[in-house]
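Please read the structure below before turning to the comments.
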Amino acid sequence: MTAFDRLKLLCEKQGISVNDLEEKLGIGRNSLYSWKKNIPKGTNLIKVADYFEVSTDYLLGRTDNPNSTSVQERIPDDLDKMLDNAMTFGGKPLTDKDREAIRAYVEGRKSLN
């Protein structure tokens with residue numbers, strides 16, 4: 001599925017045409033149709049992602065999750081590796097509570113009390 005295919009699908013879900021979207025976003029007429037053959041980049045990609053509240057990675061086909069970036073999808077694996085090697089200031093291994101607090105912070109959740 002191309003970026004244009006995803007764009008078209010998002011437009012259909014909102015009941016607007018691609019030309020309507022271009023007008024709403026202040027993008028030149030038929031500019032988004034270039035996504036049929038070219039990889040989108042720059043401000044138009046960001047404007048479209050922001051409008052539909054999806055990630056640019058989703059529009060580019062790097063993930064099928066519209067609300068996630070490929071980096072966010074890797075956080076659990078990378079974070080586990082980091083936590084396995086992390087130590088407290090005193091050189092002791094992290095406690096489970098320390099690990100969970102760090103995980104909550106990195107994943108953007110409220111800290112555990």
Revision key, fill the gap. Scoring only Lys, Arg, Asp and Glu (+1, +1, -1, -1) among other residues with Cβ under 13 Å from the Cβ of Ser17 yields 0
Revision key, fill the gap. The longest stretch of the chain containing none of the trypsin sites (Lys or Arg not before Pro) that sit in a DSSP loop with at most 12 other Cβ atoms within 10 Å is 42-108
Review point. Which value in nm describes the separation of the simple spin-label points at Asn30 and Lys97, placed 7 Å from the Cα toward the beta carbon?
Key: 6.6 nm
Exercise for review: Please give the net charge around Phe4, taking every other residue with its beta carbon less than 13 angstrom from that of Phe4, where Lys and Arg add +1 and Asp and Glu add -1.
Suggested key: +1
Check your understanding: Which of the aspartates and glutamates could a cross-linker span from Lys81 if the Cα-Cα distance has to be under 16 Å and same-chain partners fewer than 8 positions apart are dropped?
Key -> Glu73, Asp96, Asp98, Glu100, Glu107
Review point. If one takes the longest principal axis of the Cα atoms in the chain, at what angle in degrees, from 0 to 90 and to the nearest 10, does the Cα axis of helix 96-106 lie?
Key: 20 degrees
Study note, to complete from the structure: With Cα coordinates, the longest principal axis of the chain makes an angle with the long axis of helix 3-14, in degrees rounded to 10, of 80 degrees
Check your understanding: Exposure proxy check: Thr63, Thr43 ranked by fewest other beta carbons within 10 Å?
Key -> Thr43, Thr63
Revision key, fill the gap. Taking a straight Cα-to-Cα line shorter than 24 Å from Lys37, and setting aside same-chain lysines fewer than 8 residues away, one finds Lys8, Lys13, Lys24, Lys47
Point to revise | GluC sites (Glu not before Pro) within segment 1-103: DSSP coil, no more than 14 neighbouring Cβ in 10 Å | key: Glu53
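Each value in this text was obtained by applying a stated rule to the coordinates, not by laboratory testing. If you're wondering where the values come from, they're calculated on a predicted model, not measured in any experiment. Cβ: placed from backbone, ideal geometry, glycine included. Neighbour counts: every protein chain shown.
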